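Notes follow the structure.
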Amino acid sequence: MIDITRLEKDIGVEQSFSLERKFDGLSDEDMDLNFVTPVKVKGKLIKTGDGILAKGDIDCTISVICYRCAEKFDYRVSIPFEEQYVQKGSNKPDDDVNEYDDEKLDLWPAIKSNIHLNLPMKFLCSDDCKGLCTQCGSNLNTATCQCQDEKLDNPMHILKKLLHDDKEV
Ligand SMILES: [Zn+2]
Ligand SMILES: [Zn+2]
(Lines give C-alpha, C1' and ligand atoms only; values in the text may rest on other atoms or scores of the structure.)
(Ligands and ions follow the chains in the order given, each with its own letter.)
Protein backbone atom coordinates (compact mmCIF):
# COMPACT_ATOMS: atom_id res chain seq x y z
CA MET A 1 0.00 0.00 0.00
CA ILE A 2 1.27 3.40 -0.91
CA ASP A 3 0.22 6.50 1.02
CA ILE A 4 -1.06 8.93 -1.59
CA THR A 5 -2.28 11.78 0.59
CA ARG A 6 0.51 13.97 -0.76
CA LEU A 7 -0.74 13.43 -4.29
CA GLU A 8 -4.21 14.78 -3.69
CA LYS A 9 -3.16 18.33 -4.41
CA ASP A 10 -2.67 19.27 -8.02
CA ILE A 11 -2.60 17.66 -11.39
CA GLY A 12 0.93 16.77 -12.37
CA VAL A 13 2.21 16.16 -8.85
CA GLU A 14 4.53 13.17 -8.81
CA GLN A 15 5.54 10.74 -6.11
CA SER A 16 8.17 8.11 -6.63
CA PHE A 17 7.96 4.74 -4.95
CA SER A 18 10.02 1.64 -4.46
CA LEU A 19 8.36 -1.58 -3.38
CA GLU A 20 9.70 -4.98 -2.57
CA ARG A 21 7.74 -8.06 -1.65
CA LYS A 22 8.75 -11.60 -1.05
CA PHE A 23 6.21 -14.03 -2.39
CA ASP A 24 6.18 -17.49 -1.00
CA GLY A 25 5.62 -18.52 -4.60
CA LEU A 26 3.50 -21.59 -4.66
CA SER A 27 1.39 -20.75 -1.63
CA ASP A 28 0.06 -17.43 -2.91
CA GLU A 29 -3.44 -18.09 -4.18
CA ASP A 30 -3.24 -16.21 -7.47
CA MET A 31 0.49 -16.21 -7.90
CA ASP A 32 1.46 -19.80 -8.57
CA LEU A 33 5.00 -18.97 -9.58
CA ASN A 34 8.19 -20.12 -7.96
CA PHE A 35 10.01 -16.92 -7.01
CA VAL A 36 13.76 -17.04 -6.58
CA THR A 37 14.01 -13.36 -5.64
CA PRO A 38 11.61 -10.86 -4.07
CA VAL A 39 9.54 -8.87 -6.54
CA LYS A 40 10.95 -5.35 -6.82
CA VAL A 41 8.97 -2.49 -8.28
CA LYS A 42 10.20 1.03 -8.83
CA GLY A 43 8.37 3.90 -10.40
CA LYS A 44 6.24 6.93 -9.83
CA LEU A 45 2.65 7.93 -9.29
CA ILE A 46 1.41 10.93 -11.21
CA LYS A 47 -1.74 12.80 -10.34
CA THR A 48 -3.89 13.22 -13.42
CA GLY A 49 -7.21 14.91 -14.01
CA ASP A 50 -9.13 11.65 -13.56
CA GLY A 51 -7.07 9.95 -10.90
CA ILE A 52 -3.58 8.57 -10.63
CA LEU A 53 -1.26 7.10 -13.21
CA ALA A 54 1.28 4.55 -11.96
CA LYS A 55 4.36 3.96 -14.10
CA GLY A 56 7.31 1.80 -13.31
CA ASP A 57 9.41 -1.28 -13.77
CA ILE A 58 8.94 -4.72 -12.29
CA ASP A 59 11.90 -6.95 -11.66
CA CYS A 60 12.05 -10.48 -10.28
CA THR A 61 13.41 -13.92 -11.04
CA ILE A 62 11.35 -17.08 -11.09
CA SER A 63 12.32 -20.71 -11.35
CA VAL A 64 10.79 -22.43 -14.36
CA ILE A 65 11.10 -25.65 -16.32
CA CYS A 66 12.36 -25.78 -19.89
CA TYR A 67 9.76 -27.32 -22.15
CA ARG A 68 12.41 -28.95 -24.32
CA CYS A 69 14.85 -30.49 -21.85
CA ALA A 70 12.70 -30.40 -18.66
CA GLU A 71 15.53 -28.83 -16.65
CA LYS A 72 14.83 -26.13 -14.06
CA PHE A 73 16.32 -22.74 -14.72
CA ASP A 74 16.01 -19.15 -13.52
CA TYR A 75 13.94 -16.82 -15.67
CA ARG A 76 14.29 -13.09 -15.18
CA VAL A 77 11.16 -10.98 -15.43
CA SER A 78 12.05 -7.36 -16.13
CA ILE A 79 9.14 -5.43 -17.52
CA PRO A 80 7.76 -1.91 -17.60
CA PHE A 81 4.18 -1.33 -16.54
CA GLU A 82 1.67 1.46 -16.63
CA GLU A 83 -1.65 1.43 -14.79
CA GLN A 84 -4.41 3.93 -14.37
CA TYR A 85 -6.28 4.40 -11.10
CA VAL A 86 -9.42 6.27 -10.20
CA GLN A 87 -10.90 6.95 -6.79
CA LYS A 88 -13.31 4.27 -5.67
CA GLY A 89 -16.87 5.28 -6.43
CA SER A 90 -16.06 7.59 -9.29
CA ASN A 91 -16.94 6.76 -12.86
CA LYS A 92 -14.58 4.27 -14.45
CA PRO A 93 -13.75 5.20 -18.04
CA ASP A 94 -13.28 1.51 -18.84
CA ASP A 95 -12.79 -1.86 -17.15
CA ASP A 96 -9.01 -1.78 -17.39
CA VAL A 97 -8.88 1.01 -14.86
CA ASN A 98 -8.08 0.16 -11.25
CA GLU A 99 -9.47 1.80 -8.15
CA TYR A 100 -7.92 3.27 -5.03
CA ASP A 101 -9.29 3.83 -1.58
CA ASP A 102 -9.24 7.33 -0.12
CA GLU A 103 -5.65 7.60 1.03
CA LYS A 104 -3.97 4.44 -0.05
CA LEU A 105 -3.28 2.75 -3.32
CA ASP A 106 -2.49 -0.95 -3.61
CA LEU A 107 -0.35 -1.68 -6.63
CA TRP A 108 0.15 -5.38 -6.01
CA PRO A 109 -2.91 -6.75 -7.82
CA ALA A 110 -1.84 -4.88 -10.97
CA ILE A 111 1.79 -5.92 -10.50
CA LYS A 112 0.76 -9.56 -10.27
CA SER A 113 -1.35 -9.44 -13.40
CA ASN A 114 1.41 -7.62 -15.29
CA ILE A 115 3.86 -10.37 -14.41
CA HIS A 116 1.41 -13.05 -15.53
CA LEU A 117 0.55 -11.30 -18.78
CA ASN A 118 4.20 -10.98 -19.71
CA LEU A 119 5.27 -14.55 -19.20
CA PRO A 120 5.83 -16.63 -22.32
CA MET A 121 3.56 -19.59 -23.00
CA LYS A 122 6.57 -21.90 -22.85
CA PHE A 123 9.99 -21.44 -21.26
CA LEU A 124 13.12 -22.35 -23.14
CA CYS A 125 16.41 -22.55 -21.18
CA SER A 126 18.40 -21.34 -24.17
CA ASP A 127 17.76 -20.78 -27.86
CA ASP A 128 19.93 -23.70 -28.78
CA CYS A 129 18.64 -26.12 -26.15
CA LYS A 130 19.07 -29.58 -27.65
CA GLY A 131 16.25 -31.09 -25.64
CA LEU A 132 15.84 -34.72 -24.73
CA CYS A 133 16.65 -37.71 -26.90
CA THR A 134 13.36 -39.05 -28.18
CA GLN A 135 14.68 -42.60 -27.87
CA CYS A 136 16.33 -42.82 -24.47
CA GLY A 137 15.36 -39.54 -22.77
CA SER A 138 18.93 -38.35 -22.17
CA ASN A 139 19.36 -34.60 -21.82
CA LEU A 140 21.36 -33.89 -24.97
CA ASN A 141 22.70 -30.61 -23.52
CA THR A 142 24.71 -32.48 -20.92
CA ALA A 143 24.91 -36.05 -22.21
CA THR A 144 25.56 -37.89 -25.41
CA CYS A 145 23.81 -41.11 -26.16
CA GLN A 146 24.26 -43.88 -28.69
CA CYS A 147 20.77 -43.59 -30.17
CA GLN A 148 21.98 -41.70 -33.27
CA ASP A 149 24.03 -44.69 -34.37
CA GLU A 150 21.09 -47.03 -34.02
CA LYS A 151 19.01 -45.04 -36.48
CA LEU A 152 20.95 -46.42 -39.43
CA ASP A 153 17.95 -48.35 -40.61
CA ASN A 154 16.03 -45.11 -41.06
CA PRO A 155 15.72 -44.62 -44.87
CA MET A 156 16.36 -40.87 -44.68
CA HIS A 157 19.45 -41.44 -42.66
CA ILE A 158 20.82 -43.99 -45.16
CA LEU A 159 20.12 -41.61 -48.04
CA LYS A 160 21.91 -38.78 -46.27
CA LYS A 161 24.83 -41.02 -45.54
CA LEU A 162 25.04 -42.08 -49.19
CA LEU A 163 24.97 -38.49 -50.40
CA HIS A 164 27.55 -37.56 -47.86
CA ASP A 165 29.81 -40.45 -48.87
CA ASP A 166 29.49 -39.48 -52.53
CA LYS A 167 30.73 -36.00 -51.83
CA GLU A 168 33.79 -37.29 -50.15
CA VAL A 169 34.85 -39.40 -53.12
ZN1 LIG B 1 16.28 -26.69 -22.22
ZN1 LIG C 1 19.31 -41.39 -26.81
Practice problem: Name the one entry in 160, 122 that is surrounded by fewer than 12 Cβ atoms within 10 Å (Cβ to Cβ) and at pLDDT below 80. | Solution: 160
Quiz item: Which of the following residues is within 16 Å of ligand 2 (Cβ to nearest atom) and not aromatic (Phe, Trp, Tyr): 68, 76, 6, 21?
Solution: 68
Quiz item: Name the strands (runs of 3 or more DSSP E) wholly within the stretch 39-131 that hold at least 1 residues that are within 15 Å of residue 19 (Cβ to Cβ) and of a type in the set (D, E, K, R)?
Solution: 39-47, 52-65, 72-87
Self-check item: Residue selected from the stretch 32-88 under the condition away from ligand 1 (no atom under 16 Å from the Cβ) and in contact (Cβ under 8 Å) with a residue 60 or more places away in the chain, by the criterion nearest to residue 14 (Cα to Cα)
Solution: 45
Quiz item: Exactly one of (1) in contact with a helix residue (DSSP H, G or I) (Cβ under 9 Å, 6 or more places away or on another chain); (2) assigned by TED's automatic domain parsing to the domain that holds residue 39 is unmet by residue 136. Its number?
Solution: (2)
Exercise. Only residues that are over 21 Å from residue 37 (Cβ atoms) and either in contact (Cβ under 8 Å) with a residue 40 or more places away in the chain or surrounded by fewer than 12 Cβ atoms within 10 Å (Cβ to Cβ) (or both): list them for the stretch 125-135, please.
Key: 127, 128, 129, 130, 131, 132, 134
Self-check item: Residues of the stretch 93-133 that turn out to be in contact with a strand residue (DSSP E or B) (Cβ under 8 Å, 6 or more places away or on another chain) and polar (S, T, N, Q), as a count
Solution: 3
Quiz item: Residues of the stretch 60-97 being over 30 Å from residue 139 (Cβ atoms) and among the acidic types (Asp, Glu), which ones?
Solution: 82, 83, 94, 95, 96
Quiz item: Given the conditions (1) closer than 16 Å to residue 120 by Cα; (2) touching a strand residue (DSSP E or B) at 6+ places or on another chain (Cβ under 9 Å), which single one is not true for residue 67?
Solution: (2)
Exercise. Write out, first by first residue and then by second, each pair whose Cβ atoms fall under 6 Å of each other, whose residues are 6+ apart or on separate chains, and whose first residue, in the stretch 101-112, is touching a residue at least 60 places away in the same chain (Cβ under 8 Å) while the second is outside any strand (DSSP E or B).
Key: 103/5; 104/1; 105/4; 106/1; 112/31
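The values are calculated or read from the model by the stated rules, or taken from the named source; none is laboratory data. Note that the structure is a prediction, hence the values are computed from the model and not measured. Virtual Cβ from ideal backbone geometry, glycine too; neighbours counted across all protein chains shown.
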